[in-house]
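The structure appears right after this line, and notes come after that.
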Amino acid sequence: MKKTLLLAAALLLTCGILGAQEKVRPANEKTQYNTVFDLLRAEPGVMVSPGGTDGQMPQIVIRGVGTNSGQTQPLFVVDGIITDNVTYLRPEDIYSVEVLKDGTSSIYGMQGQNGVILFRTKQVVEAEQRAAEAAKAEKKAAREARRKKK
């Protein structure tokens, strides 16, 4: 019984997480957006009020007005770090944008009640790729060293 419940919970969580679509932009693509908010305006289901210049955040709505707090601002996560202000981001530095709404934003708890916008920057993605390549080379070297010992 416990295994069945755990399997069902894992499937629901996986389906919920996979339901969100990450929009990856090619590395050599020239950006057509002036600000990160212009980029967000192009995302389906995201409403951005006019503004977002001079370092001020415009009003962004994904899921409507929160019933408990009266707020509409979604949670912003840049490279795994929760932040309140994303005006410092440049559209050319963004590798991908993912908008979480409905049940998928529940992994962030009450902070994600108005939706979550995940940004991944090109610098972090490149660092992850370099780290993966280094780990792969290290495993290969260790495997060859074990073969030589035999």
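Give me the distance in nm between label points sitting 7 Å out from Cα along the Cα-to-Cβ direction at M47 and A141, one decimal.
Distance between the two pseudo-spin positions: 5.6 nm.
Each label point is 7 Å from the Cα along the Cα-to-Cβ direction; what then is the distance between the points at Q59 and E133, in nm?
4.7
Only counting other Cβ atoms within 10 Å, I'd like S105, S96 sorted with the fewest neighbours first.
On the way: S105 24, S96 14.
By the 10 Å Cβ count, ascending: S96, S105.
With r defined as the distance between the Cβ atoms of Q32 and Q73 and R0 fixed at 25 Å, what FRET efficiency is calculated, to the nearest 0.05?
On the way: r = 25 Å, r/R0 = 1.02.
Result of the calculation: an efficiency of 0.50.
Any read-out appearing in this document is the output of simple, stated calculations on the displayed coordinates, not a laboratory observation. Note that the structure is a prediction, hence the values are computed from the model and not measured. Here the Cβ is made from the backbone with ideal geometry for all residues, glycine too, and neighbour counts use every protein chain on show.
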